[in-house]
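Q: The structure follows.
The values are calculated or read from the model by the stated rules, or taken from the named source; none is laboratory data. Bear in mind that the values here come from a model prediction, so they are computed numbers and not experimental data. Don't worry about glycine lacking a Cβ; one is built from the backbone with ideal geometry, like all the others, and counts go over all protein chains shown. Note: areas computed on protein heavy atoms with side chains; ligands, DNA, RNA excluded. Shrake-Rupley method; radii C 1.70, N 1.55, O 1.52, S 1.80 Å.
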Amino acid sequence: MAGQKQSALLGHSFQELRVVVEEFGQPDYRARQLFEAIYRQRLATVDQASTLPQSMRERLKSSGLEIGLPKIEKRFESIDGTVRYLILLADGQSVETVWMPEGDGGEAGDGSDSGPEQETASGATFDRATLCVSSQVGCAVNCQFCLTAQLGIKRNLTAGEIVGQVIAVLNDHRVDLERQRMNIVFMGMGEPFLNYENFIKAVRLLVEGVGFSESRMTVSTAGIVPRIEDFGKETIRPKLAISLNASNDEVRERVMPINRKWNLAALLGAARRFPLRNRERLTFEYVLLEGVNDSPQHAREVVSLLQGIRAKVNLIALNSGPGISFNTPSDICVQSFQRLLIEAGIPTFVRRPRGRDIYAACGQLKRTVA
Ligand code: SAH
């Protein structure tokens, strides 16, 4: 109907679609078809859902229901193959999603590069890629080294908007999930654990609907301790990464104000209690800031903090940006920090910055337009 406000089917669980289908007086199996059309076939409009009778599609549309896949507003491509997307949401806000062919060595946690790129059956030229997905418009956590913090928090994303980013980018690359290895990291704009319900719902839709495996997803938190506890109880859950970023409370308070609410003792306590699965490790991310948290003494403090935790560490040299008053340490400094941790028995990897030239690297997501 002209002028009628549209509402999105994307983000509905299978149960919620059953209710919709029932309201339309349709048989139950239509809910499964609709679910498949939205998530597995990744269609953009109800019109394309050819498994549904034409009459049902018309009725869905005329009552203001659409799939509601978010649109790609802009696309920036880096010399290293990374693509940064601005994704337009229904209310005119936008978020960023990053596509990294071959990942950044951090998402698998083993620091490995994939082998040479292969031509796949669908004609795409990658065999492995990682998507970095946003959970909020802006962020409330205010980490002093992160550009997203400068936006403040605008709002939470809905589950549909979180899944929508993934689908829009998968479609842009014509990804066939049965043939291509894809990882998701919830490490874009926002703090996933401050939008917990929508984040978890999105995870379920990605697993049960789109077809991702939970072992190929990682969520990163700045350290929202009560949600770490909740997360450990989820039956379907990604792997957990914790942004440590400092080796003592004094430094951590300075760089991550959230540390005043949940200090290192609280955070590491939750980490120690976290129920890891077979062979699973907790990832700790550590942004190296020159002269602030990057000395050998800091490395030794990290070692003692992580004692007794089945952990690995991802080191990230600061990606700097306008308004960030920290400096990036030298490669030599990064390497000696890494060596100290490795010598203490902690698997430690250095994440390659991806897409720095297009403001797509960690901590650079600020909806930069050019
Ligand atoms: N809010 C979540 C996820 C988003 S940040 C969290 O804090 O974990 C994702 C990762 O990028 C975090 O480990 C964060 O510490 C890191 N990061 C933020 N700003 C950065 C920067 N300027 N350079 C390098 N890494 C940065």
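Q: With a Cα-only, solvent-free Debye model of segment 271-370, what are the log10 I(q)/I(0) values at q = 0.23 Å⁻¹?
A: After summing over all Cα pairs, the log10 values are -1.17.
Q: Calculate how many DSSP beta bridges within segment 123-263 are antiparallel, expressed in % of all such bridges and rounded to the nearest 5.
A: 20 percent
Q: With every protein chain kept in the model, how would you rank Met56, Met187 by accessible area, 1.4 Å probe, largest at the top?
A: Output order, biggest surface exposure first: Met187, Met56.
Q: Further question on the same structure: Work out from phi, with θ = phi - 60° and the Karplus expression 6.51 cos²θ - 1.76 cosθ + 1.60, the ³J(HN,Hα) of each residue of segment 81-97, listed in order in whole Hz, and give x for Gly and Pro.
A: The phi angles translate into x, 5, 10, 9, 10, 9, 9, 8, 9, 4, 8, x, 6, 9, 10, 10, 9 Hz.
Q: Now, a different point. Report, for the chain, the % of DSSP beta bridges that are antiparallel, rounded to 5. Walk me through the numbers on the way to the answer.
A: Details: 19 of 46 bridges.
Taking every DSSP beta bridge with both residues in the chain, the antiparallel ones total about 40 percent.
Q: Okay, moving on. Stokes-Einstein D for segment 217-265 at 25 °C, 0.890 mPa s, Kirkwood Rh over Cα pairs, in µm²/s?
A: Diffusion coefficient, whole number: 212 µm²/s.
Q: Within 13 Å, Cβ to Cβ, of Glu23, how many net charges do the neighbouring residues add up to if Lys/Arg are +1 and Asp/Glu are -1?
A: Every neighbour counted, the sum reads 0.
Q: Ignoring ligands, DNA and RNA, what percent of the 1.4 Å accessible area of the chain is carbon and sulfur?
A: Carbon and sulfur atoms account for 48 percent of the accessible area of the chain.
Q: What whole-number value in Å² describes the accessible area per residue of segment 180-303 for a 1.4 Å probe?
A: Normalised by residue count, the accessible surface of segment 180-303 is 37 Å².
Q: Follow-up. Beta carbons within 10 angstrom, averaged per residue: use that to sort the peptides 306-314, 332-340, highest first.
A: Those peptides, ordered most packed to least, come out 306-314, 332-340.
Q: Which of the peptides 284-296, 127-139, 16-28 is most tightly packed, and how do the rest follow, going by the mean number of other Cβ atoms within 10 Å of each residue?
A: Working: 284-296: 20.9, 127-139: 24.5, 16-28: 14.2.
Top of the packing list down: 127-139, 284-296, 16-28.
Q: How do 35-46, 224-235, 91-102 rank on mean C-beta neighbours within 10 Å, highest first? Please list the in-between numbers first.
A: Working: 35-46: 19.2, 224-235: 15.2, 91-102: 21.2.
In descending order of packing, they fall as 91-102, 35-46, 224-235.
Q: What angle do you read, to the nearest 10 degrees and between 0 and 90, between the alpha-carbon axis of helix 159-172 and the longest principal axis of the chain?
A: On a 0 to 90 degree scale, this one is about 90.
Q: What number comes out for the charge environment of Asp331, summing +1 per Lys or Arg and -1 per Asp or Glu over other residues with Cβ under 14 Å away?
A: Summing Lys/Arg as +1 and Asp/Glu as -1 gives +1.
Q: If you don't mind, there's one more thing I want to ask. Counting only heavy atoms of protein chains, what accessible area per residue, in Å², does segment 24-96 have with a probe of 1.4 Å?
A: Accessible area per residue: 47 Å².
Q: For q = 0.09, 0.13, 0.19 Å⁻¹, what log10 I(q)/I(0) does segment 161-318 give under the Debye formula with an equal point scatterer on each alpha carbon and no solvent?
A: Each listed q corresponds, in turn, to -0.32, -0.65, -1.20.
Q: How far is helix 14-23 tilted off the main Cα axis of the chain, in degrees rounded to 10, range 0 to 90?
A: 20 degrees
Q: Summing -39500 (n - 2.57) over the DSSP H runs of n ≥ 4 in the chain and dividing by its residue number, what mean residue ellipticity at 222 nm do you reach, to the nearest 500 deg cm²/dmol? Walk me through the intermediate numbers first.
A: Numbers: 10 runs with 99 residues, N = 370.
Roughly -8000 deg cm²/dmol at 222 nm, from the helical runs in the chain.
Q: So how many Å³ per residue does the convex hull of the Cα atoms of segment 136-239 work out to?
A: 104 Å³
Q: Another question, if that's okay. Provide, as a two-decimal number, the C-alpha radius of gyration of the chain over 2.2 N^0.38 Å, N being how many residues it has.
A: 1.02
Q: Within a Cβ distance under 9 Å of Leu10, other residues only, what is the Lys/Arg minus Asp/Glu net charge? Could you put the intermediate results ahead of the total?
A: On the way: positive: none; negative: Glu66, Glu161.
So the surrounding residues net to -2.
Q: Using a 4.7 Å cut-off between beta carbons, which cysteines in the chain end up with no partner cysteine at all?
A: Cys132, Cys139, Cys333, Cys362
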